[in-house]
Amino acid sequence: MTPELAKRSWKRTALRLGGSAVALGLLLWMLPLDQLWAAMRRLPLWVFLLTLAGYMVAHVVATMKWRMMVNTAGAGLGFALAVRCYFAGLFGNVFLPSIVGGDLIRAGLAMRSAQHRAGALLASLVDRMLDVLALGLLAGFGALMVPRALDERSRRVFLALAAVFVVLALGVALLVAMFPPRKFSHRRRRKLVKLRQAVRAMARRPGRVAGVLALAICIQGSFAVLNAWIGKWCGLDIPLYVWLFAWPLGKVSAMLPVTQGGIGVREAALAALLLPFGVPAVLSVAVGLIWQLVVVSGGLLGGGIALAAGQKRFTTEAGEDAEAIQARS
């Protein structure tokens, strides 16, 4: 990296950290700190640790989901390598803008060892799109369950946006699959052919793609349940379907690359979404801050898991190479 690029990178990082500091500062300035701290202190340590354990288990399932997706596109990743790539991305989410930054790390590491690089990249993008779709479906289900969450017109707009998302995703996949690559240069043609092969590989196995979406819904739903559990201990007792409506939308807002890891944005969005249901902002922000601690702790644990998985893969490959040399001799 050149000094100029490094300087720009540091500036962007400083701006994101400043954005998080401003967002959190405004929240803490507007809320009574004694009530916020009292709500957070209601959560026992063992509940926090169990929540963190559930969060990590959900990401182990998410690792298998992501590996299923990229291997459907022909990446051919082994389990240890998939664990290393996925949890390295989870670790990167702590330091990169929004919650999508880790996807770049995950896809970049996968492309280094994948049998089909274009497939690994495309499948990682599709996997993230399915996660966002799962969040939208959960929020839509919650909106339909809440009697006064949305009026009839707003519900139609919400469902129309979800339909537009699905149509756009299918349209992009169809264009990639059918666009004639002969109109491009030889170099770009090769890349387009590989991309089209990856799309066709996924299109030939719609059941697996549907299975990935089902797993995405279960994983994101489990996160909403964990937040509801934290909320109960903090004194926030609302129906689960309200969480299914508010929490996914709060997570989508954290994808905006304006703060570090979405810190501050998610808490503010959650407070605004739960306010119409009579939830005091101090309680929703307390739950959001505790969840942020879970996310950061899980990201740091993910870095350790990625290092351990990388070491295991290196040791395994070294042992296989030694056995091959012995067999040849």
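If you go through the range 40-70 and keep only what is more than 19 Å from the chain's Cα centre (by Cα) and either in a helix (DSSP H, G or I) or farther than 29 Å from residue 230 by Cα (or both), you end up with 40, 41, 45, 46, 47, 48, 49, 50.
Taking the condition surrounded by fewer than 13 Cβ atoms within 10 Å (Cβ to Cβ) and at pLDDT 80 or above, does residue 45 pass? Outline the logic, then answer.
On the way: surrounded by fewer than 13 Cβ atoms within 10 Å (Cβ to Cβ): yes; at pLDDT 80 or above: yes.
Considered against the rule, which asks whether it is surrounded by fewer than 13 Cβ atoms within 10 Å (Cβ to Cβ) and at pLDDT 80 or above, residue 45 comes out as yes.
Residues are listed down the side, and each one gets a yes or a no for (1) crowded, with 20+ Cβ neighbours inside 10 Å; (2) part of a helix (DSSP H, G or I); (3) under 15 Å from the mean Cα position of the chain (by Cα):
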{"position": "207", "(1), (2), (3)": "no, yes, no"}
{"position": "220", "(1), (2), (3)": "yes, yes, yes"}
{"position": "227", "(1), (2), (3)": "yes, yes, no"}
{"position": "230", "(1), (2), (3)": "yes, yes, no"}
{"position": "235", "(1), (2), (3)": "no, no, no"}
{"position": "242", "(1), (2), (3)": "yes, yes, no"}
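Close Cβ contacts (under 6 Å, 6 or more residues apart or on different chains) running from residues in the range 263-284 that are without any contact (Cβ under 8 Å) to a residue 24 or more places away in the chain to residues that are in a helix (DSSP H, G or I) and hydroxyl-bearing (Ser, Thr, Tyr) comprise 269/253. Number of residues in the range 82-106 that are at pLDDT below 90 and more than 19 Å from residue 251 (Cα to Cα): the value is 2.
Going through the range 103-119 one residue at a time, which ones are over 14 Å from the mean Cα position of the chain (by Cα) and under 18 Å from residue 306 (Cα atoms)?
Our first condition is that a residue be over 14 Å from the mean Cα position of the chain (by Cα); within the range 103-119, this holds for 108-119.
Once the filter is applied, which keeps residues that are over 14 Å from the mean Cα position of the chain (by Cα) and under 18 Å from residue 306 (Cα atoms), the range 103-119 yields 108, 109, 110, 111, 112, 113, 114.
The values are calculated or read from the model by the stated rules, or taken from the named source; none is laboratory data. This one's a predicted model, so the numbers in the text were calculated from it and none came from an experiment. Cβ atoms come from the backbone with ideal geometry, glycine included; neighbour counts cover every protein chain shown.
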